[in-house]
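Engineer: Sharing a structure below in structure tokens format, with a few things to ask.
The values are calculated or read from the model by the stated rules, or taken from the named source; none is laboratory data. The structure displayed is predicted, hence computed values, not measured ones. Note: accessible area is taken over every heavy atom of the protein model, side chains too, but ligands, DNA and RNA are not part of it. Shrake-Rupley method; radii C 1.70, N 1.55, O 1.52, S 1.80 Å.
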Amino acid sequence: MRIRTLALASTALSTALLLAGCSPSGTSDGMAGMDHGSSSSTAPAETSAQFNAADQMFVTMMIPHHEQAIDMADMLLAKDGIDERVIELAQQIKDAQGPEIETMQAWLEDWGVSADDSSMGGMDHGGGMMSEDSMTALESATGAEATRLFLEGMIEHHTGAIEMAQAALDGGENPDVLELAQQVIDGQSAE
């Protein structure tokens, strides 16, 4: 089932990127009628209102992806008996991804797009997302077992984020989104 879900997610992302490449530059790729004007100065982070389907796909998928990584980090940080290096990594992940979520949410608001406006429908939000059972196992685990589950889960989670970021670099057009995608690749590869 997981392989099927990943295959479907990959197909949907590929389709969106293909469509993004076929549309004329400067359009919002089939989102006519939406207000894609510039944002007010109250937005925490402004971005060019010009974006395509690949930019939107990356942002709408990466927000819940980052949210789950923060949930994983919070679970680990609440435990005793965890290696100090892993605690530092969990805090680093939380500190980096929280502000990125806020930035991406501001972009969606600027673009007039809901975080739920993704062609992914009911599918999970990209490769590397932990299942509910895996999250429950991490929450229940202690000590070395919790450390192992966190690290294994985060490696898979980061691999999925890197793949999504590379797809955004390959098909996106918004310079701010492309910059964030490169930051995700650089930061999460190092982690």
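Engineer: Report the accessible area of Glu102, computed with a 1.4 Å probe over the heavy atoms of all protein chains in place, in Å² rounded to the nearest 10.
Structural biologist: 110 Å²
Engineer: Using a 1.4 Å probe on the protein heavy atoms only, what accessible surface does Phe150 show? Give it in Å² to the nearest 10.
Structural biologist: 0 Å²
Engineer: Here's a follow-up. Roll a 1.4 angstrom probe over the protein heavy atoms and tell me the percent of accessible area of segment 53-191 that is carbon or sulfur.
Structural biologist: Carbon with sulfur: 49 percent of the solvent-accessible area.
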